[in-house]
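Asker: Have a look at this one before I ask anything.
Rule-based calculations on the coordinates, nothing more; no lab input. What you are looking at is a predicted structure, and each value in this text was computed from that prediction instead of being measured. Heads up, the Cβs are rebuilt from the backbone with ideal geometry, glycines too, and the neighbour counts pull from every protein chain shown.
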Amino acid sequence: MTLSAEFQQRLRDIDPAVFRVVAGAAAWASLNGEPKTTPAAFVLIEEEQSGENTRMTGPVLQRCEADVAVIFVTRNVSDGTGAAAADDIETLKSAVRDALIGFEPTSVSNADVVEHISSNLLKAKNGHVWQRELFGVGYYLVEKS
């Protein structure tokens, strides 16, 4: 399992379910406009930065910091102002944060717990609201001997 897949599974495991679709970078890249089904969540590894090798001899050991974005979109046209969709986003933000903050991934070596970094409203248009939650997790890259 990959880091992205672990994040996706955590979102699928929210009970009661808050997303009708949870997908990764490929689905995000192929999206043309709004998703057909909402609420939808997309998990992307936005950036990974590795430090220098910490060992003078032996296999390489590097600390890596990953920024994992959860981009979600919901649609609610029950009012003309978009306030209903904005309220839905707040509920989704809370559910996503509860599912991910403090989670310790097992797909990477010696991972730290997941921390929240930032939150951004990406777009609000035609009853759809797009939100990006950015999470960070540190782990180690170890040379295979």
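Asker: Of the beta bridges DSSP finds with both residues in the chain, what % are antiparallel, to the nearest 5? All intermediate terms of the calculation are to be shown ahead of the outcome.
Answerer: Working: 35 of 38 bridges.
Taking every DSSP beta bridge within the chain, about 90 percent pair in antiparallel fashion.
Asker: Count neighbours as other Cβ atoms within 10 Å of each site's Cβ, and list the GluC sites (Glu not before Pro) in the stretch 67-145 that are DSSP loop with at most 16 such neighbours.
Answerer: Glu143
Asker: Okay, moving on. Using 0.36 nm per residue of separation minus the Cα-Cα distance, give me the extension gain between Gln49 and Asp15 in nm, one decimal.
Answerer: Working: separation 34, 0.36 × 34 = 12.24 nm, distance 3.29 nm.
Length gained, Gln49 through Asp15: 8.9 nm.
Asker: Within the chain, which is the longest segment containing none of the trypsin sites (Lys or Arg not before Pro) that sit in a DSSP loop and have at most 10 other Cβ atoms within 10 Å?
Answerer: So the longest stretch without any such site is 37-143.
Asker: To make sure I understand the rule: partners must be lysines, Cα under 17 Å from the Cα of Lys93, and not fewer than 8 residues away in the same chain. Which ones qualify?
Answerer: Answer for Lys93, where 17 Å is the Cα cut-off: Lys123, listed by chain and number.
Asker: Label-point separation (nm) for Asn110 and Ala27, each offset 7 Å from Cα along Cα-to-Cβ?
Answerer: Calculated label separation equals 3.4 nm.
Asker: Mind checking which aspartates and glutamates have their C-alpha under 18 Å from Lys125, skipping anything on the same chain fewer than 8 residues away?
Answerer: Here the aspartates and glutamates satisfying the reach criterion relative to Lys125 are Glu34, Asp79, Asp87, Asp88, Glu90.
Asker: Let me ask something else about it. Go through the stretch 127-135 residue by residue and turn each phi into a ³J(HN,Hα) via Karplus (6.51, -1.76, 1.60, θ = phi - 60°); whole Hz please, and just put x for glycine and proline.
Answerer: So the J values, rounded to whole Hz, are x, 9, 10, 10, 10, 10, 10, 10, 10.
Asker: Stick to Cα atoms and the Kirkwood definition of Rh, then tell me Rg/Rh for the stretch 30-72.
Answerer: 1.31
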